[in-house]
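Asker: Okay, here's the structure, questions in a sec.
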Amino acid sequence: MDPDVNDESNIFTVTPMSQKITLEPGFTYTGEIIVAIPVNAKRNFSYRVSVAPYNVIGEDYYADLTNISKTSAIVDWITIDNPTGTLAPNELAHVKFHINVPSDAGGGGQYAALMVGSDEQQMAGDGISVGNVFELASIIYAEVEGEIIHEGEILENTIPEFSSVLPIRVAASVTNNGNIHETARVFVTVEDAWRSTQIYPAPGETNGVEEEIMPGTTRYITRDIDGISPLGIYRVKQDVIYMGERDTTTQIVVACPVWFMVLMIVVLSSVIVGVVLAIRRHREKRKPIVV
């Protein structure tokens, strides 16, 4: 019988979710990931760790963990100590891995995913879920020393003028023409247009996100603004910071749900019909009586 996916005792975690490292040709790098299960687990957890290439497909960045490219050749350099094991409740495993960098490795980015799964199909938590909810990945973003090319730009920074549903979605697009991963930072703020008071993010909360942009790709980044009234007029501001460039867009957004628009149409139509009928009645009363 499959475990209850809502049972927290079946959750396992993998940390870190990602790690950025620097590699030197001809040398070996040693790192680790941590696999853990909670104290309230009802049984032991058997895990296995493997290595997969990490590539992305399209501007929405769907993970490709199958095909080896020139930027995921690192999978052949990685070995894992004790790739299988069993954990008792509240135990954790420090799984070490080694990256043996060839002496002729070219400079630039190399990317792999350390995949953690279980034949027992325990429900997964934390980390990056890729394809199978019972398998997690810790992504390796590696920079191999050598000729590094930083080249890219912000292509788009857009905010809609009108939104009929929540969340309001803003978007940005950035491209990376270099040979190493870059980081794009996106910040969004929302004010009530009438009172000029900030309503998003809430006081004490941060609204910035960081997204990794893989070499030779363009990434489409979306942000959903939720937790605000579906009916209102807002001043939305989005800052995109990338490769030393900052692009800021501010837009007045009218949020109006479909049901409210339909109601307004019905009310307006009723008013128009009422006015037309009133005019007709008035004209009929003023018609002269012919004897």
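Each value in this text was obtained by applying a stated rule to the coordinates, not by laboratory testing. Because the structure is a prediction, the values reported are computed rather than measured. Here the Cβ is made from the backbone with ideal geometry for all residues, glycine too, and neighbour counts use every protein chain on show.
Asker: In whole Å, what three semi-axes, largest first, describe the equivalent ellipsoid of the range 8-144 built from its Cα gyration tensor (square root of 5 times each eigenvalue)?
Answerer: Listed largest to smallest, the semi-axes of the range 8-144 are 28, 17, 11 Å.
Asker: Let me ask something else about it. May I ask for the distance between the Cα centers of the range 65-107 and the range 27-54, given as a whole number of Å?
Answerer: Each part reduced to its Cα centre gives a spacing of 11 Å.
Asker: Output the Kirkwood hydrodynamic radius of the range 48-90, Cα pairs only, in Å rounded to one decimal.
Answerer: About 12.5 Å, per the Kirkwood formula over Cα pairs.
Asker: Can you sort LEU136, LEU92, LEU23 from fewest to most other Cβ atoms within 10 Å of each residue's own Cβ?
Answerer: Going from sparsest to densest Cβ surroundings: LEU92, LEU23, LEU136.
Asker: Under a 5 Å amide H to amide H cut-off, with H placed in plane at 1.01 Å, what residues pair with SER18 once short-range neighbours are removed?
Answerer: ILE139
Asker: Let me ask another. Which value in nm describes the separation of the simple spin-label points at ARG43 and GLU145, placed 7 Å from the Cα toward the beta carbon?
Answerer: Calculated label separation equals 4.9 nm.
Asker: Please report the spacing between the Cα centers of the range 191-216 and the range 221-257 in Å, no decimals.
Answerer: 8
Asker: Additional query: Among ASN100, ILE80, SER46, which residue has its Cα furthest toward the positive end of the charge dipole of the range 8-144, with +1 on Lys/Arg Cβ and -1 on Asp/Glu Cβ?
Answerer: It is SER46, whose Cα lies furthest towards the positive end.
Asker: Something else: What does the net charge come to around VAL190 if you take all other residues with beta carbon closer than 14 Å to its beta carbon, with K and R at +1 and D and E at -1?
Answerer: So the environment of VAL190 carries a net charge of -1.
Asker: Separate question: So, how do all the Cα-to-Cα distances of the range 152-255 break down into 10 Å bins, in percent, from 0 on up?
Answerer: Histogram of Cα-Cα distances, whole percents per bin: 15, 46, 27, 11, 1.
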